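Undergrad: Have a look at this one before I ask anything.
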Amino acid sequence: MTAEQYLLEIKNLSITYHAVHPPVKAVDGVSLQLRKGESLGIIGESGCGKSTLALGIMGLLKQVGVEGEIIYRGQNLVGLPEKRLRNYRWKDMAMVFQNSLEVLNPVLSIGEQIGEPLRAHYNLSPLEIDQKVVKLLEMAGLEPEWRHCYPHQLSGGMRQRVLLAMALSCDPELLIVDEPTTSLDPASKNEVLQLLQKLQKKSGFAMILISHDLGAVKKLTSRVMTLYCGRVVELGITSEVLKNPLHCYTRGLLNSSPNFFRYKDLWGIGGEPPPGGSIEGCAFYPRCCQGEESCRQARPPLRYVALERMVACHKGGIETFLRAEGIRKKYILKEREIEAVKGVSLEIKSGEVVALVGESGSGKSTLAHILAGVLPADAGQVFFKNKKVEGRWATKMVGGMQIIFQDPFSATSHRLKVLEVVREPLDIIKWGKRDEREEEAMKALQKVQLPVSPEFLNRYCYALSGGQRQRLAIARALVTKPKLLIADEVTSMLDPSTQANLLRELKALQNRHGFAMLYITHDLHLARKIADKVYVMYRGEIVETGVSFEIFENPEHVYTKRLLREAFRDLV
Amino acid sequence: MLVKIVEGGKEFSLPGKAGLAVILVVLLAAILAPYISIHPHNISSGPPLVPPGGGHPLGTDELGIDLWAQLCYGARVSLLVGFGTALLAALGGGLIGIVSGYLGGWPDKVFMRLIDIMIVLPDLPVMIVLAAFFGPSLLNIIFVLALFSWVFPARIVRSQILMVKERSYIKSAETYGAGVWYLLGKHFLPEVFPLVAVNMIRLSGRAIVAEAGLSFLGLGDPTSKSWGLIIHHATNFKGIYYTDFWKWWLLYPWLALIIMVISLALISRELERMVDPRLGR
Amino acid sequence: MEYLFTIWVLVTLNFFLPRAMPGDPFLYLSADEGQEVARFSEEQRQYYLEYYGLDRPVAGQYLSYLADLLRGDLGYSLYYNEPVSAIILRRLPWTTFLVMAAVLLSTVSGTILGSLSAWYREKLLDKLLFFHLILLSEVPAFLLGLVLLFTFAAGLGLFPLSGAITHFASYSSWWEKLLDILHHAFLPVMALTIARLGGMYLLSRNSMTTVLEKDYLRTAWAKGLPQKRIIFRHALRNALLPIVTRVFLSLGSLVGGAILVENVFAYPGLGHLMREAVMVHDYPLVQGIFLVVTICVLLANFLADLVYRKLDPRIGDYSGIRGG
C-alpha cells in the first residue's frame, strides 16, 4: 500500500505541551491512516489526548512541540508555515468544534460566520456567499432566516447545527468532529447524529469522530481507535471492537457506558490516568486488572492480534482464561444413551462474567463439571490459561480455577466445623502456616457475610441452614483466590439481599483484579444484570452466543427468544 | 494594619518593596518633621528664592521660607488627607456595602442607584463647587474627598457580602439562631476586611492626588500647606516661567507627589495580587 | 429614565448648595495664608441677595430656579458683566476640543499598544510596555502637564506658555489659524492623553488577552481566515466592548483632569473659567459651569449606552453596561 492511497496519514505523531512544567506529552507516538470517505472514531476518557490530536492535525496548537508527520495527500503538514497551512484549513480539512457557548463569536451574525471561510478561500461575490449560506443552513436543517441572528439566540442543538453548516461551507475532504453530542438532550442528539450520517453519505467526506459517547461512535464510524495517555491502545473495526474489546481499557470504557448495557451495573475504571510526563512501560499498567510487574518495564508496541485488529498490550490484549473445544459427553442410563453435551466450545476471558443459561436438563451442569475437570469428557479439550487441563493442576493452586456445586448440602461435610471446611483447600495444598490459613479463611467468610465469631467457627455444618451452607461453599472456593470461578446455580438458595451483596463483591473482584466467572443459571434477570457475555444452551448444544446487550436486546435463535419471552413476560 | 503590610512586604516583588520603603520614609519625615527640618516651615528663614545648597538643602520660596521644612510638614498634610479620606470612605462605604448587600431589597436598590450616579459624575467639578461653598478647611476637604471615594469600598464589600451570604456556613449559622451582629463580627467582616484594607491604600493615593489638584487650583486649606499648595504658589509666581526658580521650588514638591503616588500604587498593586490572585494582572 | 433622574438630582443639589452654606455665604473667601476677608462690594451683595431670592420662601425659589433653567437662563455674571450662559458657550468648545482629542488619542494609542502587548504576551515588547505604562498610569494629568510646560514650553520654547490661540494675530489663511490652535493645544492634549494612556493600555491588554484565549478565536484560526481579519473582525471587535464602556465611564475623571490641565496651561476652557469664577466668588458662574459640565458628561454616558447596544448584540433592552 503506498502513501498516495491515503487521504491522511499520521506517522508516529507526538505533541508535547511545553508551557506547563513538567512538559506534558499529550499525544505520544500516534499513527493512523484514513482513506477517502472513511470514518474513524477516537475514544478515550477526558484528557487522553483526543482533542489535542484533532487540534494538532489542524495545526491549531500553540506553544507545543510536534514530532512525527501528518501527511495530507502526500504533503507533510508538520513544520509548514502558517500561511501554507491556512490554505488547507477549512478548504481541505474542517472541524466541528466541541459545542460551547463561546465557540461562535458572540458579536458576529451566524451568516457572517458561516460565510466568511468562503470569502477567505474562494473568490465569490457577497450575493453568491449569501446564497451558499442559505443552502448550508437548509442542509443542516435550519431555517435560512437564522443567518441574521447572533449565537446567543440559539439553543445548544441549533448551535451544533450551525457548527456543522460552518464546517461544511468549503466542502472539506476531511471533517474532524469533536464531541458532537455532549450537552445535547437526547432528541437533538439523535437528530445531530442522523444529520452527520446523512451528510457524510451525501458529501463523501472522510471523518474523524472524537467522542466518549460510544453510541455515537458505533453509529457513525467504521473503524475505531482507543487512546490512552496519548497512545493508541486498540484499533479495529468499530462493531468488532465494541462487541469484543481486546484491551482492558477499551473494555473498561464499554463497561462504563450506560447506553450499551441498559440493565447491567455500571463499573468505571478504577484509578486515575497518570499525570503528564513520559511513562516508561505500559501507560495503563497501574489501572490494569491483569497487569504484572513486567508490564512496567517496556512500552507495549501496537501489534496485530487478529485481522484488522491491533492492540498494544504485553499480553496480547485481554487474556483468555478458559477455552473449551468440542466437548462431548454421553451418559448411559440402562439401555438409553443420553448425549448431555454435544460438541460445545466456549471461551472465558480475564475479567469476564459469562452466563450460561438454559432450562433445567440442558446439560449446563455437566458442562461445568467437565470444564472444572471433575468429570472426564468423552471428547474435546479444555485449556486454562492456554495450558491443557489434565488432572487437577488448575484447581489445586492458588489463583487458579474453582467450582462451586449446585447442591449446598452435599457440597460440605456435615461432620466438619465451619472453619475446617473453609480452610480445607489451603490445608490440602499446604499453603502457608496454620494461622495464615485461618486468617484467609476468616476473610473469605466475611466476603460471603458469614459471622467470624469463635462460636460460629466451631459450629458443625449440620447445624447450618441451606443458605449458610451454600455461602460456606462459596467461601471455600474463594479462599484460594481463584482467577476463574465456575458457579453452578450458587445463589439460588440465598435470600435476595445476601445474593446482591455477594454478587457485588464478585463484580468488584472482577473489575479490580480481572477475576472471571462462568455463571450457570436459569435466572435470566440476574444474568442480565451481571453478565458480560451469554451462552445459551439447549439440549446439549450452544445455540446462541454473544455479548449480553446483543443477546438480551436482539435474540436471534428461536429458543433464546422463547426463553426471554418467558422470563420477562411479567415485566414487559 | 501597618505591621501586617510590613510583614507582607517580605513577599513583595522589587517594585513593591521600593514603594514600601518610600512610604516608610515619607511617614518618618512626616512624624519627625519638627526634628529633621532645620528651619521653620511657616516663617521666613533666609533670603527669598535661594537655590538648593548652603543652609537650605532644597532652597527657599519667594518669602524666604525653607522648602525642605515645607516638604516635611507638607507630607503630614498629604498623609493625613490620604489616610483620613481612605479611612472615612472605607468606613462609610463599608457600612453602605454591608447594609446594601446584607439587607438587599429597597436599601440595596437605592444605594446601587446612588453608586451608578456617583460613577458617572465628574468628581472634580463637584469637588470644586463643594469646596468653594463650604470653605477650604482640611476637614472639609477630607470630607468632600471621602464623599467621592466611598463608591469603591461599597461595591467591593457589597459583592463580597452577597457572595458570602450564599455560602452554606452562613446559612447554617443562621439556623442556629445567629444574629446580624454575630454574623458580621464572626463571618462578614473578617471576609471583607483584607479587601477593604487593600483598597484603602489605593484610595489614599487617589485622595492625595485629588487634594493636590484642589490645592493647585487654590482651593486647598491655606493654613496647612500641602505639596499641592506649594505647587500652587510656585505656578502663581509671575516670573516662574522665565527664571530657574522652578528647578527647586516646583520640582521638589512635584517629585515628592509623583514618587508618593507611584509608591502607593505599587504597594496596592502588590497587595491586590496577594489578596486576590485574579486581580493581579 | 435613569439619566433624567440623575440630572434632576444634580439640579436640585445645585439649588440647595449655596443655601446650605455655613454662616454668611458671602464672607468666605479662599485667600492666601488664612485671612478671611469679605471682599464683596455692596453691589455684588445686593445682586446675590436678589439672584438667589433669599427673601422668598424656598419652594417658590426652587420653582423659579427650575423655570429659569428650562429657559437656558443660568444667571448673570457680575464679574464678567455678561449672562452666564453666554460665557459658558464661548468657553465650552475649547474644553470639548481638549477632551475629545485626548479621548481619541489615548483610546486609539492605548488600544493599539494594549493589543500589541497581548499579541506578544510575555515577550520583551510586552514587558517593556507593561512596566512603563503601569508607572505612567498613576501620574495625574496636571502634574504631567507641569513637566511638559516647563520642559517644552518654558525650557525649550517649542510651544506657547499659555492660551489657546495667539492674541491679536492675523492669519493669512484658515489653515494657518488651525496650525496655531493645534500648536497651543498640543501640550495640554498630550498631558491628558499620556495620563490616560496607562489605564487604556492596561484595560485593552487585559481585554485582548482574554479574547485571544476564547474558543471562538480558535474557531476563526481553524477556518483559515487571513490574519488581518482574525485580529480586527474577530479579536478586536470583542476586545473593544469593555474599552468602549471604559471610555465613557472615565469621561468624568477625564473632565476633572482637563479642568486642572487647563489651569496649568492657562487654556481658556471651562476649567480655567471655573477657577477664575471661584477666585472672584462669581457663584452663579461656578454653578452654571458645574451644571453644564456634569450634564454634558451624563449625556455622553447616555450616548455610550446606545453605542454599546449597537456593538454587542447580546445586550437586550436592559442596560447592562454598568453591572460589575
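Undergrad: In region C:56-173, which helices (runs of 4 or more DSSP H) lie fully inside it and hold 2 or more residues that are polar (S, T, N, Q) and within 14 Å of chain B (Cβ to nearest Cβ)?
TA: Correct list: C:84-119.
Undergrad: If we scan region B:190-211, do we find a residue that is out of contact with any strand residue (DSSP E or B) (no Cβ under 6 Å at 6 or more places or on another chain), farther than 25 Å from B:Glu272 by Cα and of a type in the set (A, V, I, L, M)?
TA: no
Undergrad: Continuing with this model, one more query. Quick one: would you say A:Gln153 is without any contact (Cβ under 8 Å) to a residue 24 or more places away in the chain, farther than 22 Å from A:Gly215 by Cα and not hydrophobic (A, V, I, L, M, F, W, C)?
TA: In short, yes.
Undergrad: Tell me the residue from A:Arg147, A:Arg119, A:Arg161 that is under 19 Å from A:Gln200 (Cβ atoms) and either part of a helix (DSSP H, G or I) or in contact with a Leu (Cβ under 6 Å, 6 or more places away or on another chain) (or both), please.
TA: A:Arg161
Undergrad: Also: Among residues belonging to region A:72-109 that are at negative phi and among the charged types (D, E, K, R), point out the one that is farthest from the chain's Cα centre (by Cα).
TA: A:Lys83
Undergrad: Going through region C:221-261 one residue at a time, which ones are outside any helix (DSSP H, G or I) and without any contact (Cβ under 8 Å) to a residue 24 or more places away in the chain?
TA: Correct list: C:Lys223, C:Gly224, C:Leu225, C:Pro226.
Undergrad: Being surrounded by 16 or more Cβ atoms within 10 Å (Cβ to Cβ), among the small types (Gly, Ala, Ser) and part of a loop (DSSP other than H, G, I, E, B) narrows it down to one of B:Gly94, B:Gly84, B:Gly64, so name that one.
TA: Step by step, each of B:Gly94, B:Gly84, B:Gly64 is checked, and only B:Gly64 is surrounded by 16 or more Cβ atoms within 10 Å (Cβ to Cβ), among the small types (Gly, Ala, Ser) and part of a loop (DSSP other than H, G, I, E, B).
Undergrad: What is the one condition in (1) assigned to a loop (DSSP other than H, G, I, E, B); (2) surrounded by fewer than 18 Cβ atoms within 10 Å (Cβ to Cβ); (3) of a type in the set (A, V, I, L, M, F, W, C) that A:Cys48 does not satisfy?
TA: (2)
Undergrad: Follow-up question, since we're still on this one. Among the residues of region A:287-325, write down those that are under 28 Å from A:Ser222 (Cβ atoms) and among the aliphatic types (A, V, I, L, M).
TA: Hits for region A:287-325 are A:Leu302, A:Val305, A:Ala306, A:Leu307, A:Met310, A:Val311, A:Ala312, A:Ile318.
Undergrad: Same structure, new question: At least 1 residues that are small (Gly, Ala, Ser) in each: list the strands (runs of 3 or more DSSP E) lying fully within region A:345-441 that qualify.
TA: A:353-357, A:379-384
Undergrad: Of a type in the set (Ser, Thr, Tyr), loosely packed, with under 13 Cβ neighbours inside 10 Å and modelled with pLDDT under 75, is that true of C:Ser64?
TA: When the stated conditions are applied, C:Ser64 does not pass them.
Undergrad: So, in region C:95-118, exactly how many residues are more than 11 Å from C:Leu197 (Cα to Cα) and either touching a Ser or Thr at 6+ places or on another chain (Cβ under 9 Å) or of a type in the set (Asp, Glu) (or both)?
TA: Of the residues in that region, 4 qualify.
Undergrad: Out of all the residues in region B:253-265, is one or more part of a loop (DSSP other than H, G, I, E, B), in contact (Cβ under 8 Å) with a residue 60 or more places away in the chain and not acidic (Asp, Glu)?
TA: Within region B:253-265, none of the residues are part of a loop (DSSP other than H, G, I, E, B), in contact (Cβ under 8 Å) with a residue 60 or more places away in the chain and not acidic (Asp, Glu).
Undergrad: Still on this structure, I have one more. When you scan region A:444-495, how many residues do you find that are acidic (Asp, Glu) and within 25 Å of A:Phe321 (Cα to Cα)?
TA: Qualifying residue count, region A:444-495: 2.
Undergrad: Only residues that are among the charged types (D, E, K, R), at the interface with chain B (Cβ under 7 Å from one of its Cβ atoms) and farther than 17 Å from B:His232 by Cβ: list them for region C:255-283, please.
TA: Matches in region C:255-283: none.
Undergrad: Restricting to region B:109-127, name every residue that is within 22 Å of the chain's Cα centre (by Cα) and closer than 16 Å to B:Gly92 by Cα.
TA: Answer for region B:109-127, where residues must be within 22 Å of the chain's Cα centre (by Cα) and closer than 16 Å to B:Gly92 by Cα: B:Ile115, B:Met118.
Undergrad: Within the bounds of region A:30-38, is there any residue that is within 13 Å of chain C (Cβ to nearest Cβ) and buried (at least 16 other Cβ atoms within 10 Å of the Cβ)?
TA: There is no residue in region A:30-38 that is within 13 Å of chain C (Cβ to nearest Cβ) and buried (at least 16 other Cβ atoms within 10 Å of the Cβ).
Undergrad: Output the residue which, of all residues in region A:104-131 that are among the small types (Gly, Ala, Ser) and within 18 Å of C:Phe232 (Cβ to Cβ), is nearest to the other protein chains (Cβ to nearest Cβ).
TA: A:Ala120
Undergrad: Test A:Val134 against the stated conditions and say whether it is away from every other protein chain (no Cβ under 14 Å), modelled with pLDDT of 90 or more and within 30 Å of C:Leu241 (Cα to Cα).
TA: yes
Undergrad: Can you tell me which of A:Glu335, A:Glu292, A:Glu280 is touching a His at 6+ places or on another chain (Cβ under 9 Å) and loosely packed, with under 14 Cβ neighbours inside 10 Å?
TA: Unique residue meeting the criteria: A:Glu292.
Undergrad: Read through the list (1) at pLDDT 90 or above; (2) under 20 Å from A:Glu9 (Cβ atoms); (3) in a loop (DSSP other than H, G, I, E, B), then give the number of the only condition that A:Ala94 fails.
TA: (3)
Undergrad: Being within 25 Å of A:Arg423 (Cβ to Cβ) and assigned to a helix (DSSP H, G or I) narrows it down to one residue among A:Ala500, A:Ala473, A:Ala487, A:Ala527; which is it?
TA: Going through A:Ala500, A:Ala473, A:Ala487, A:Ala527 in turn, just one is within 25 Å of A:Arg423 (Cβ to Cβ) and assigned to a helix (DSSP H, G or I): A:Ala473.
Undergrad: Return a yes/no flag: does region A:70-93 have any residue that is within 14 Å of A:Leu168 (Cα to Cα), crowded, with 19+ Cβ neighbours inside 10 Å and touching a strand residue (DSSP E or B) at 6+ places or on another chain (Cβ under 6 Å).
TA: Yes, the conditions are met somewhere in region A:70-93.
Undergrad: Restricting attention to region C:235-254, and to residues there that are surrounded by fewer than 23 Cβ atoms within 10 Å (Cβ to Cβ) and more than 14 Å from chain B (Cβ to nearest Cβ), which single residue is nearest to A:Leu104 (Cα to Cα)?
TA: Restricting to residues being surrounded by fewer than 23 Cβ atoms within 10 Å (Cβ to Cβ) and more than 14 Å from chain B (Cβ to nearest Cβ), the top hit is C:Arg237.
Undergrad: Among the strands (runs of 3 or more DSSP E) contained in region A:209-320, which hold 3 or more residues that are modelled with pLDDT of 85 or more, within 30 Å of A:His21 (Cβ to Cβ) and small (Gly, Ala, Ser)?
TA: So the answer is none; nothing clears 3.
Every residue, every condition in (1) surrounded by 17 or more Cβ atoms within 10 Å (Cβ to Cβ); (2) closer than 23 Å to C:Gly157 by Cα; (3) at the interface with chain C (Cβ under 9 Å from one of its Cβ atoms); (4) of a type in the set (Ser, Thr, Tyr), yes or no:
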| position | (1), (2), (3), (4) |
| --- | --- |
| B:Trp246 | yes, yes, yes, no |
| B:Leu250 | yes, yes, yes, no |
| B:Pro253 | yes, no, no, no |
| B:Met260 | yes, no, no, no |
| B:Leu264 | yes, no, yes, no |
| B:Ser268 | yes, no, no, yes |
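Undergrad: Of the residues that sit in region C:207-219 and are at the interface with chain A (Cβ under 7 Å from one of its Cβ atoms) and in a helix (DSSP H, G or I), which one is nearest to A:Leu175 (Cα to Cα)?
TA: Restricting to residues being at the interface with chain A (Cβ under 7 Å from one of its Cβ atoms) and in a helix (DSSP H, G or I), the top hit is C:Thr219.
The values are calculated or read from the model by the stated rules, or taken from the named source; none is laboratory data. Quick caveat: nothing in here was measured; it's all calculated off a predicted structure. Here Cβ is always computed from backbone atoms with ideal geometry, including for glycine, and neighbour counts include all displayed protein chains.
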